[in-house]
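The values are calculated or read from the model by the stated rules, or taken from the named source; none is laboratory data. Computed from a predicted model, the values in this text were never measured in an experiment. Cβ placement follows ideal geometry from the backbone for every residue including glycine, while neighbour counts extend to all protein chains displayed.
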Amino acid sequence: MLEVRDLETAYGRSQVLFGVSFTVEAGTVVTLLGRNGMGKTTTVRSVMGMMRPRSGQVLFEGKPLTGLPSYRVAQAGLGLVPEGRQVFPNLTVVENLIATAATRRQQSKQWTLQRVFQFFPNLAERRGNYGNQLSGGEQQMLAIARALMTNPRLLILDEATEGLAPLIRHDIFRSIEQLKAEGLSILVIDKDLRALTRVAHRHFVLEKGRVVWSGTSVELEANADIQHRYLGV
């Protein structure tokens, strides 16, 4: 579904990505792993059109996305839950959700306000509250719900549970598992290795802007050297 080939991206003269390649097959959950500053968020920004790569290709369902503006990437069917949530603070929960809503004719089961509120009951209770009145966990749920309202075919979560309490992290990963069960393709960045190996099909480890390892959850759990060398576990 998503194919990233030899991606190279830089901030001015400082190159961050060096030939990053990975794939996300339809209906699978894939992770990008690595310590802070290894290029995970830069990869997401390059995929989403927020940064223009120096070279390489981003293909979605066989169609090139490289160089397209972010709104065109979103229209192609990629939904982003950005690092730091970035909900609209002066809009209500309902307004945050409506602001990004899109209908895709090819999808039989659409994400609507009613369906989102069934998926995240906490948001239904806070539907009239402004974004800056929500807790961190509620803001993360709102960020996920806002992305779902675009009815994406691929959902990207950058730092899915960063800074959240353990109980809220559990709720977020339970939501990811539910979306996985519905067949949604997901690319997730997070540091909770135990939860990620439970939910994901495949993992790609980044070190200094390069993919240094990839494999299944079983292979990653069995490879203590990779965990210690690149993930600090």
Out of everything in the stretch 1-37 that is of a type in the set (Phe, Trp, Tyr) and at pLDDT 95 or above, what residue ends up being surrounded by the fewest Cβ atoms within 10 Å (Cβ to Cβ)? 18
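Quick check on residue 208: is it basic (Lys, Arg) and in contact with a helix residue (DSSP H, G or I) (Cβ under 7 Å, 6 or more places away or on another chain)? Quick ask: steps written out before the conclusion?
On the way: basic (Lys, Arg): yes; in contact with a helix residue (DSSP H, G or I) (Cβ under 7 Å, 6 or more places away or on another chain): no.
When the stated conditions are applied, residue 208 does not pass them.
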Take the stretch 192-233 and flag every residue that is hydrophobic (A, V, I, L, M, F, W, C), in contact (Cβ under 8 Å) with a residue 60 or more places away in the chain and in a strand (DSSP E or B). 204, 205, 206, 211
Can you list the helices (runs of 4 or more DSSP H) found entirely within the stretch 84-142 that contain at least 1 residues being touching a Lys or Arg at 6+ places or on another chain (Cβ under 9 Å) and either surrounded by 17 or more Cβ atoms within 10 Å (Cβ to Cβ) or hydrophobic (A, V, I, L, M, F, W, C) (or both)? 93-99, 113-119
Restricted to the stretch 1-24 and to residues being assigned to a strand (DSSP E or B) and of a type in the set (A, V, I, L, M), the residue farthest from the chain's Cα centre (by Cα) is 10
Quick one: residue 27 ticks every box in (1) in a loop (DSSP other than H, G, I, E, B); (2) more than 16 Å from residue 155 (Cβ to Cβ); (3) under 19 Å from the mean Cα position of the chain (by Cα) except a single one, so which number is it? (2)
Quick count over the stretch 213-229, residues being more than 29 Å from residue 178 (Cα to Cα) and either in contact with a Leu (Cβ under 7 Å, 6 or more places away or on another chain) or of a type in the set (Phe, Trp, Tyr) (or both), is 0
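Tell me, yes or no, whether the stretch 162-169 has at least one residue that is under 12 Å from residue 122 (Cα atoms), touching a Gly at 6+ places or on another chain (Cβ under 6 Å) and of a type in the set (Val, Ile, Thr). Break it down into steps so the answer makes sense when it comes.
Step one: list which residues in the stretch 162-169 are under 12 Å from residue 122 (Cα atoms), which gives 168.
Retained after the next criterion (residues that are touching a Gly at 6+ places or on another chain (Cβ under 6 Å)): 168.
So of that shortlist, the ones also of a type in the set (Val, Ile, Thr) come out as 168.
Among the residues of the stretch 162-169, at least one is under 12 Å from residue 122 (Cα atoms), touching a Gly at 6+ places or on another chain (Cβ under 6 Å) and of a type in the set (Val, Ile, Thr), which makes the answer yes.
To keep it simple, each residue is scored yes or no on (1) out of contact with any Ser or Thr (no Cβ under 9 Å at 6 or more places or on another chain); (2) under 28 Å from residue 40 (Cα atoms); (3) polar (S, T, N, Q).
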| position | (1), (2), (3) |
| --- | --- |
| 69 | yes, yes, no |
| 76 | yes, yes, no |
| 79 | no, yes, no |
| 90 | yes, no, yes |
| 96 | yes, yes, yes |
| 115 | yes, no, no |
| 123 | yes, no, no |
Cross-chain or 6+ apart pairs with Cβ under 8 Å, the stretch 25-41 first and at positive phi, then modelled with pLDDT under 95 and part of a helix (DSSP H, G or I): 34/230; 34/231
